[in-house]
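The values are calculated or read from the model by the stated rules, or taken from the named source; none is laboratory data. Here the structure is a predicted model, which means the values were calculated and not measured. Neighbour counts run over all protein chains shown; Cβ positions are idealised from the backbone, glycine included. What goes into the accessible areas is simple: the full protein's heavy atoms, side chains included, and nothing from ligands, DNA or RNA. Shrake-Rupley method; radii C 1.70, N 1.55, O 1.52, S 1.80 Å.
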Amino acid sequence: MIYTQNLCKRYGKFTAVDHLNLHVRRGTVFGIVGENGAGKTTTLSMLATLTSPTSGRAYINGFEVSKNPQDVRRCIGYMPDSFGVYDDITAEEYLQFYADCYRVPKALAAQRAKEYLSWVGLEDKRETYVNALSRGMQQRLEIARCLIHDPPVLILDEPASGLDPRSRIEMRGVLNRLRTLGKTIVISSHILQELCEVSDEIGIMREGQLAAVAAVSVMLNHSTAYRTLHIVADAKPVVWEKAVRPLEHVVDLRFKPDGVEVVFAGTLQQQAELLQYLLDHGVTVYQFRERPTDIEELFLRLTEGTVDQS
Ligand SMILES: Nc1ncnc2c1ncn2[C@@H]1O[C@H](COP(=O)(O)OP(=O)(O)OP(=O)(O)O)[C@@H](O)[C@H]1O
Ligand SMILES: [Mg+2]
């Protein structure tokens, strides 16, 4: 559905997107995560036909972005990372204006505007001027705007940026509901954890390239298979190294200022046995608890190949 082949964008001598090969299957959500300047916006804007590639190709729904930009535009709803100042226009008029641009018949446009406003939780803001909506509401309105011509592909550049925690949760609800529409979606963010909640596959972008790609289901399976135990006890490092590290289910040991972290690949029963084992060795255990999996670390372990991906 979305394909790029050695897609590049150079600004003078600087390469913003560097031989990018991206593949997003129909009906799936692909999350692109990366630091500031990684090349996310440049990539998405090339897919949206707004920036022309220096070399390489990008296809959406079989259309090549450089050769058939009009066809590509009909297939996509694009939410840029920032949007301009709105004139005096209500939320409903705003959606109808865009529907007009895409030549959606008037009656259908009115129906869709109403439907999608309620879909993004703005049903009671139909008549509110867009510039009087909060940032979170404007961003949800942008999602409705992307849907107005019912495109099969959505390209969303940081739809949750600049939002407070409550608005982020609302946006996440909208993004999760988008998945039920069966559209093919590319979405960017700085926050891996948030992307994992709404994506099927994740790619880490670094210096214009996809440094790693992993399926979220694989990552989540591993996050339950591997737990990190945080243990505070009166044992010396040598005891941990000699008595604990060799144990069958212990994957790794890390000494932290506030205790020892044990990466553990066993069941809850085996976890209980580890505690008993420490006690049997005369160790006083002050704390023994499971830490939530650090999703960033898990992703890195997976993509560096230090974890079996089967
Ligand atoms: N018009 C331009 N002229 C020159 N350099 C540019 C231009 N647009 C982007 N760049 C550079 O390309 C690189 C990638 O920028 P891009 O906006 O794609 O990154 P990003 O991953 O979206 O970052 P952010 O997380 O800050 O949104 C940056 O170093 C940026 O300075
Ligand atoms: Mg950006």
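Remarks
- Modelled FRET efficiency - R0 30 Å, residue 221 with residue 10, Cβ distances, 0.05 increments: 0.15
- Sorted from longest to shortest, the spans of the Cα atoms of the range 1-131 along the three principal axes equal 48, 30, 24 Å.
- Per residue, the convex hull spanned by the alpha carbons of the chain comes to 167 Å³.
- Where labels lie 7 Å past Cα in the beta-carbon direction, separation of residue 3 and residue 236 in nm: 6.4 nm
- Accessible area per residue, Å², the chain with all protein chains present, probe 1.4 Å: 50 Å²
- Of the trypsin sites (Lys or Arg not before Pro) found in the range 45-106, those in coil by DSSP whose Cβ has at most 10 other Cβ atoms within 10 Å are 67, 103.
- Sequence-distant lysines (8 or more away, or on other chains) whose Cα lies within less than 17 Å of residue 114: 106, 125
- Cα gyration tensor shape for the range 227-292, rounded if a/c is under 1.5, else prolate or oblate: rounded
- Estimated FRET transfer efficiency when R0 is 45 angstrom, pair residue 110-residue 66 (beta carbons, to 0.05): 0.80
- Eligible lysines near residue 40 by straight Cα distance, threshold 16 Å, same-chain separation 8 or greater: 9
- Projected label points at residue 180 and residue 87, each 7 Å from Cα along the beta carbon direction, are separated by 3.7 nanometres.
- Net charge of the neighbourhood of residue 67, taken over other residues with C-beta under 14 Å away and scored Lys/Arg +1, Asp/Glu -1, is 0.
- Stretched out straight at 0.36 nm per residue, the stretch from residue 169 to residue 261 would grow longer than its current Cα-Cα span by 30.0 nm.
- Under a model in which nothing but the beta-carbon of Lys, Arg (+1) and Asp, Glu (-1) is charged, the range 185-267 shows a dipole of about 360 debye around its Cα centre.
- Applying 0.36 nm per residue to the separation of residue 50 and residue 270 and subtracting their alpha-carbon distance, the gain on full extension is 73.7 nm.
- The stretch between residue 284 and residue 245 holds 12.3 nm of extra length on full extension. This uses 0.36 nm per residue minus the Cα-Cα distance.
- Split the accessible area of the range 186-272 by element, probe 1.4 Å, and carbon with sulfur accounts for 54%.
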